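Below is one structure; the comments refer to it alone.
Every number in this text was worked out from the coordinates using simple rules, so none of it is lab data. Computed from a prediction, not measured in an experiment: that's the story for all the values here. Cβ sites come from the backbone with ideal geometry, for glycine too, and all protein chains shown count toward neighbours.
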Amino acid sequence: MWRTLHRSGDGQNGRMPTTVPYPSDVPSGVEPALRALSAPTRVLTLRYLIEHPESTAAEVTAGTVVRSAYDALVELERLGLVDADRPKGARNGTPVRYSVNSAALGSSLDALHSWLSPRSDA
C-alpha cells in the first residue's frame with residue numbers, strides 16, 4: 001500500500017502541494033499516531049476530548065479554534081483513536097458523543113516513540 005504525507009508549507013504561492021512517501025520502515029501501529037499528529041485540527045480535537053470526554057462535534061468545535069471538528073472526529077474514529085457512543089448505522093441525525101480511546105492512542109504513541117528511537121545494532 002502506498003501511504004503518503006503532505007509536506008507542510010507547500011501549496012502556497014501558486015505551487016501544488018508535494019506528496020512524499022512514508023518511509024518504508026513505518027510499522028502499521030505507528031500510522032494512527034502519524035495521521036493524528038499530522039493535522040493541527042486532529043491534535044486539538046484529541047486534546048479537547050482528553051479534557052472533555054463524551055463531547056459532541058458541536059461541543060468540540062465550540063471549545064476549540066477548530067472551525068469544524070466533524071472531519072477530524074471522523075478520521076480519528078477511522079484510525080481507532082476515538083470512540084463514538086453509538087455505531088455509525090444507528091446515529092440517524094442524533095448527536096454523537098466522542099471520547100478518546102486511551103489504550104489505542106497510548107499504544108500508537110508508544111509504537112511511534114519506539115520507531116523514532118535510535119536503534120542499536122547489537
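Just to confirm a number: summing +1 for Lys and Arg and -1 for Asp and Glu over residues other than Ser102 whose beta-carbon lies under 15 angstrom from that of Ser102, what do you get?
-4
In whole Å and largest first, what semi-axes does the C-alpha gyration tensor of the stretch 34-100 yield when each eigenvalue is scaled by 5 and square-rooted? Provide the component values of the computation, followed by the final result.
Details: eigenvalues 61, 35, 21 Å².
Value: 17, 13, 10 Å, ordered largest first.
Which one of Leu116, Gly80, Thr61 is farthest out on the positive end of the charge dipole of the stretch 36-122, using unit charges on Cβ (Lys, Arg +1; Asp, Glu -1) and the Cα centre as origin?
Towards the positive end, the residue furthest out is Thr61.
Taking the Cα-to-Cβ direction at Ala62 and at Ser99 and moving 7 Å from each Cα, how far apart do the two end points lie in nm?
That separation, rounded to one decimal, is 2.1 nm.
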